[in-house]
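**Student:** Quick one: structure below, then a few questions.
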Amino acid sequence: MVFSKSEQKNVTRVPNVLARLRANSLFSKASKCLFNVSSVEYLGYIVYSEGLKMDQAKVNKILNWPAPRNIKALHSFLDFANCYRRFVRYYSKKISSLTSFLKKDSCVPLNEDGLRKFHQCKEDFTTAQILSHFHPSLPTIAQTDASDYALGATLSQVSDLGEHPISFDSRKLLPEELSYEIQDKELPGIVWALGSLEVYVTYPNRSQLYLK
């Protein structure tokens, strides 16, 4: 993928890249390439000037997913949904009740509560947020959250248009962490979040970093 800040720069940059490929005996098939476009589908995402969002075809696939009738089917759904977890705030917290059905003696097909959580999980993807591109010059906010079952981290930046998300991440609590008091989950949550967001919070010449 070759991107530029202006069409004029793109006219110069693309031939340079193609020349480098040719010099190393690497070739691209013209029928599979797109030129001078403002957005492109890439690995299931839509990449464009404002940021990154889910491909609507992937959203529709999740919305049309039938209720799982066995553990294998539930695994398949969660494996697919996990590919796009970065778009859903506190994803691990939201699916914790679904993952509990993966246990050997769990109730699958899902009971009434399980079906409700399954459909709620699908709905979360209809409101999945657009993730903006990271700009080192903008003030950056790292926000953490610890719940009974999971840790969450949100990275956002503040521009003239307001605060906008850059990245979401989350993970389930480890078995030994589940027994911690909530205040004892907060500090490990901060340490984990800073590690998860390391590529952003340690970015050279980054502007101010605020921790919530």
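Nothing in this text is a laboratory measurement; each read-out follows from the coordinates by a stated rule. Because the structure is predicted, anything quoted here is derived from the model rather than measured. Using ideal geometry, Cβ is built from the backbone for each residue, glycine included, and neighbour counts are taken over all protein chains shown.
**Student:** Go through region 50-90 and give me each residue that's closer than 30 Å to S159 by Cα and without any contact (Cβ under 8 Å) to a residue 40 or more places away in the chain.
**Tutor:** Within region 50-90, D55, Q56, K58, N82, C83 meet the criteria.
**Student:** So, of the residues in region 1-12 that are over 29 Å from the mean Cα position of the chain (by Cα) and among the β-branched types (V, I, T), which turns out to be surrounded by the most Cβ atoms within 10 Å (Cβ to Cβ)?
**Tutor:** Only one residue tops the list, namely V11.
**Student:** For region 147-184, how many residues are surrounded by 18 or more Cβ atoms within 10 Å (Cβ to Cβ) and over 19 Å from S100 (Cβ atoms)?
**Tutor:** Total satisfying the criteria: 10.
**Student:** If I ask for residues that are small (G, A, S) and in contact with a helix residue (DSSP H, G or I) (Cβ under 8 Å, 6 or more places away or on another chain), which ones from region 159-202 would you list?
**Tutor:** Correct list: S167, S170.
**Student:** Oh, and also: Could you grab me the full set of residues in region 31-82 that are among the aliphatic types (A, V, I, L, M), part of a strand (DSSP E or B) and under 26 Å from Q120 (Cα atoms)?
**Tutor:** Residues satisfying the conditions are I46, L52, M54.
**Student:** Continuing with this model, one more query. Starting from residues that are among the hydroxyl-bearing types (S, T, Y) and surrounded by 10 or more Cβ atoms within 10 Å (Cβ to Cβ), keep the ones in region 13-60 and report whichever is farthest from P165 (Cα to Cα).
**Tutor:** For region 13-60, the residue satisfying everything is S28.
**Student:** So which of I141, I130 ends up being of a type in the set (V, I, T) and closer than 22 Å to Y45 by Cα?
**Tutor:** The match here is I130.
**Student:** Further question on the same structure: For the condition touching a residue at least 24 places away in the same chain (Cβ under 8 Å) and closer than 23 Å to M54 by Cα, what is the one hit in L178, L138, L155, L161?
**Tutor:** Only one candidate qualifies: L155.
**Student:** When you scan region 123-180 for strands (runs of 3 or more DSSP E) that lie fully inside it, which ones turn up with 2 or more residues that are within 24 Å of K58 (Cα to Cα) and under 18 Å from the mean Cα position of the chain (by Cα)?
**Tutor:** 150-159, 162-172
**Student:** List every residue pair whose Cβ atoms lie under 7 Å apart, where the two residues are 6 or more positions apart in sequence or sit on different chains, the first residue falls within region 1-17 and is touching a residue at least 12 places away in the same chain (Cβ under 8 Å), and the second residue, located anywhere, is assigned to a loop (DSSP other than H, G, I, E, B) and of a type in the set (S, T, N, Q).
**Tutor:** Between residues of region 1-17 that are touching a residue at least 12 places away in the same chain (Cβ under 8 Å) and residues that are assigned to a loop (DSSP other than H, G, I, E, B) and of a type in the set (S, T, N, Q), the close pairs are E7/N36; N10/S4; N10/N36.
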